[in-house]
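Structure first, then comments.
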């Protein structure tokens, strides 16, 4: 693909907290690409008009909440992870046949867990049943999980995940936050918003049997769940690892069109991006 100057952005609402511009800028500097990457506040209502207003200078978009569903609908082609989850967080803007959609959240979860030595897991727990939970479930399927418990406020919210589980060979069961105890699992993936409020008793019950916690939140850390894991003396990780690795996959897509094709000097790219994450976030 051409490496001429190009424009990219991350869209969502809210969007001011996003660290994607810094991550992508660091990567393109290492790669020697004269690309610009900004941010734009876009909601579901304005998405179609904003997308239609982009000219040929645009190469791609990163999408965060609440745009992953409308981006999925806008894509003329999608990768398997996007098809399974119904969520697109990356649009490659091609001048010939329209936007191609990808889900790099799944791969970001898988790669972040691998850094913690988790490359296979027979069973696990997901906390929350929103859009990110679908990516977590597909990631767990790729890690070999065949039993996944989903803890949600409403049992009906788990039904789409149960249906997805049937498609990928996972038995999905539901559990309540009110449960006083949960069966033991080696891994928990939390997909709740960072400001989600939980009773200490509910969080502690989950922590006592939850194994390693991967919490997708990174902008509001520590979360109530991570503090419960700390009280239980169990390991907890923020969403920074997922953020890093999903961004690497996005950059592969923007540069070469293929999330599986490593970048030139990818080790240097990842190191530069990791330094950004290790630095304090700007106020």
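Only the coordinates and a few stated rules stand behind these numbers; no lab work does. As the structure is a prediction and not an experimental result, all values here were calculated from the model. As a convention, Cβ positions derive from the backbone with ideal geometry for all residues, glycine included, and neighbour counts pool all protein chains shown.
Here are the numbers:
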item: 177, 254, 102, 47 arranged by Cβ crowding within 10 Å, fewest neighbours leading; result: 177, 47, 254, 102
item: Residue with peak Gaussian network fluctuation, the chain [Cα springs, cutoff 10 Å], from 192, 212, 54; result: 54
item: At R0 = 30 Å, FRET efficiency that the Cβ-Cβ distance of residue 264 and residue 43 yields, to 0.05; result: 0.25
item: Point-to-point label distance, residue 97-residue 221, nm (Cα→Cβ direction, 7 Å offset); result: 4.0 nm
item: Projected area averaged over orientations for the chain, convex hull of C-alpha atoms, nm²; result: 14.2 nm²
item: Gyration tensor verdict on region 1-62 (Cα atoms; rounded if a/c is under 1.5, prolate if a/b is larger than b/c, oblate otherwise); result: oblate
item: For region 91-239, fraction of C-alpha pairs farther apart than 18 Å, in %; result: 55 percent
item: Helix 20-31 vs. the chain, principal-axis angle (Cα, 0 to 90°, nearest 10); result: 50 degrees
item: Nearest 10 degrees, 0 to 90: helix 131-142 Cα axis against the chain principal axis; result: 80 degrees
item: Approximate spin-label separation residue 55-residue 25, in nm, with each point projected 7 Å along Cα-to-Cβ; result: 2.4 nm
item: Gyration tensor (Cα) of region 142-187, equivalent ellipsoid semi-axes in angstrom; result: 19, 15, 6
item: Residues residue 119 and residue 156, FRET efficiency given R0 of 51 Å [Cβ-Cβ distance, rounded to 0.05]; result: 0.90
item: Equivalent ellipsoid semi-axes - Cα gyration tensor, region 1-110, angstrom; result: 20, 16, 15
item: Among 56, 236, 25, residue whose mean-square fluctuation peaks in a GNM of the chain (springs only between Cα atoms under 10 Å); result: 56
item: Theoretical FRET efficiency, 1/(1+(r/R0)^6), r = Cβ-Cβ of residue 278 and residue 201, R0 45 Å, to 0.05; result: 0.85
item: Helix-only mean residue ellipticity at 222 nm for the chain, each DSSP H run of n ≥ 4 adding -39500 (n - 2.57), per residue, nearest 500; result: -11500 deg cm²/dmol
item: Rounded tilt (10° steps) of 105-115 against the dominant C-alpha axis of the chain; result: 70 degrees
item: Beta bridge orientation in the chain: antiparallel %, DSSP, nearest 5; result: 20 percent
item: Gaussian network model of the chain, Cα within-10 Å springs - most flexible of 255, 172, 30; result: 30
